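S.K.: Got a structure for you, questions after.
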Amino acid sequence: LPEPDYGHTFVLQSLSALIGMPYEPIVPTVLTMDNGQSLFYPNAHNLVAGTSGIGKSWLNVVAIHQQIKLGHHAVVIDYEMNMHNWYNRLRGVGATDGELALVHYCQPDEALSMVLQYGQRATGKAHKVMTDQLLRIADMGKLALVCIDGVTNAMTANSLKLIDNTDVAIMWQLLPEHIVRLTQACVVLTDHVPKNSNNDTVLPIGGQHKVASTTGAAFIVGASSYMSAIPLHDGVLNLKLIKDRHGNVGTTGTTPTQVVLSPHAGGRIDSQVLP
């Protein structure tokens, strides 16, 4: 890919260029409830945080399944699980062979950037490979959803500090912000909250810039009950809205949705996304 001209992002444009163009409000289109209202914004990065093991990745599984049923592509950049976990979970919620072919997976452990002399930072080969791969998928059809599972491990892989807001900003530029600009997809990051929290009054662990820089919607995940295969027991996840950049999901501080995961003997899992 040709490198853009140096300084191209600082070329000034007049807002008058938009005169006469129709205004289209930004509305969420991913992770859709039974009433047709969705929770995650396209062309933006969205954030979901909760305690370890609460079921954050299951939200992405449900969102991916909704998109691949529509014939759209999805990408999983996985810093926490493995390829078999995602395969088994998507099979569990009913993904067919053809639908699974629309899900593209990687499990990176390489840094996306490197520190040069005098503290300057530059993107490395891994960042270019990621960029080329995302463009390859986008050329195949609509790339609707990119899941980045595990912000903590992603930052660690890039030698960035969780509590440092500058490092958080670097991480967001390397991954979610870059992916949005490149593909206009809905990007969803999963993150942790402090241990022993009740998921109601906390923010994601580390720097506050994680929420401040979110360009879509951000949620804290709580559980009314945990899903179990033995014995069979429904999992009920409650998503509390802590930020809505565009105001089309709901009122900040409320719980606009509940996700119910119902396991069955044999491994099938039914899901409902309820208002």
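The values are calculated or read from the model by the stated rules, or taken from the named source; none is laboratory data. A quick note: this is a predicted structure, and the numbers were derived from the prediction, not measured. Virtual Cβ from ideal backbone geometry, glycine too; neighbours counted across all protein chains shown. Just the protein is used for accessible areas: all its heavy atoms, side chains included, with ligands, DNA and RNA removed. Shrake-Rupley method; radii C 1.70, N 1.55, O 1.52, S 1.80 Å.
S.K.: With each run of n ≥ 4 DSSP H residues scored as -39500 (n - 2.57), what mean residue ellipticity at 222 nm is computed for the chain after dividing by its residue count and rounding to the nearest 500 deg cm²/dmol?
M.R.: Computed ellipticity for the chain at 222 nm equals -7500 deg cm²/dmol.
S.K.: Compute the normalised compactness of region 161-254: alpha-carbon radius of gyration over 2.2 N^0.38 Å, N being the residue count.
M.R.: 1.23
S.K.: Another question about this same structure. Considering all projection directions equally, how large on average is the shadow of the alpha-carbon convex hull of region 130-196, in square nanometres?
M.R.: The number I arrive at for region 130-196 is 5.0 nm².
S.K.: Give me the orientation-averaged projected area of the Cα convex hull of region 1-135, in nm², one decimal.
M.R.: For the Cα atoms of region 1-135, the hull's average projected area reads 13.0 nm².
S.K.: Here's another thing I want to ask about it. If the viscosity is 1.002 mPa s and the temperature 20 °C, what translational diffusion coefficient in µm²/s does Stokes-Einstein give for the chain when Rh comes from Kirkwood over Cα pairs?
M.R.: Estimated diffusion coefficient is 110 µm²/s.
S.K.: What angle, in degrees between 0 and 90 and rounded to the nearest 10, separates the Cα long axis of helix 165-174 from the longest principal axis of the Cα atoms of the chain?
M.R.: 90 degrees
S.K.: I would also like to ask the following. Compute the helix-to-body angle for 125-140: its Cα long axis versus the longest principal axis of the chain, expressed 0 to 90° and rounded to tens.
M.R.: Between helix and principal axis, roughly 70 degrees.
S.K.: Additional query: Name the most mobile residue of GLN13, GLN66, GLN208, meaning the one with the largest mean-square fluctuation, in a Gaussian network model of the chain with Cα contacts below 10 Å.
M.R.: GLN13
S.K.: Quick one: order TYR105, TYR87, TYR23, TYR79 from most to least accessible surface, probe 1.4 Å.
M.R.: TYR23, TYR87, TYR105, TYR79
S.K.: Against the empirical 2.2 N^0.38 Å scaling, what ratio does the C-alpha Rg of region 78-128 come to?
M.R.: Ratio of Rg to 2.2 N^0.38 Å for region 78-128: 1.70.
S.K.: From the protein chains alone at 1.4 Å, what is the descending order of accessible area for SER271, SER52, SER213, largest first?
M.R.: So the residues, ranked largest to smallest area, are SER52, SER271, SER213.
S.K.: So if I place +1 on the C-beta of Lys and Arg and -1 on the C-beta of Asp and Glu, and nothing else carries charge, what would the dipole magnitude of region 193-275 be about its Cα centre? I want it in debye, nearest 20.
M.R.: 260 debye
S.K.: Let me ask something additional. Enumerate by residue number the trypsin sites (Lys or Arg not before Pro) in region 44-103 meeting two conditions: DSSP loop (anything except H, G, I, E, B), and at most 10 other Cβ atoms within 10 Å of the site's Cβ.
M.R.: none
S.K.: Distance in nm between label sites at ASP234 and LEU15, each 7 Å beyond Cα in the beta-carbon direction?
M.R.: Result for the modelled spin labels: 4.8 nm.
S.K.: Give me the angle, in degrees from 0 to 90, between the Cα long axis of helix 56-69 and the longest principal axis of the Cα atoms of the chain, rounded to the nearest 10.
M.R.: 80 degrees
S.K.: Using only the C-alpha atoms of region 1-68, find the volume of their convex hull and express it per residue in Å³.
M.R.: It comes to 215 Å³ per residue, whole-number rounded.
S.K.: Also, I was wondering about something else. Beyond 18 Å, what percent of the Cα pairs of region 55-168 remain?
M.R.: Here the long-distance tail beyond 18 Å is 55 percent of all Cα pairs in region 55-168.
S.K.: Using +1 on the beta carbon of Lys and Arg, -1 on that of Asp and Glu, and nothing else charged, what's the dipole of the chain about the Cα centre, debye to 20?
M.R.: Charge dipole, the chain, about its Cα centre: 180 debye, nearest 20.
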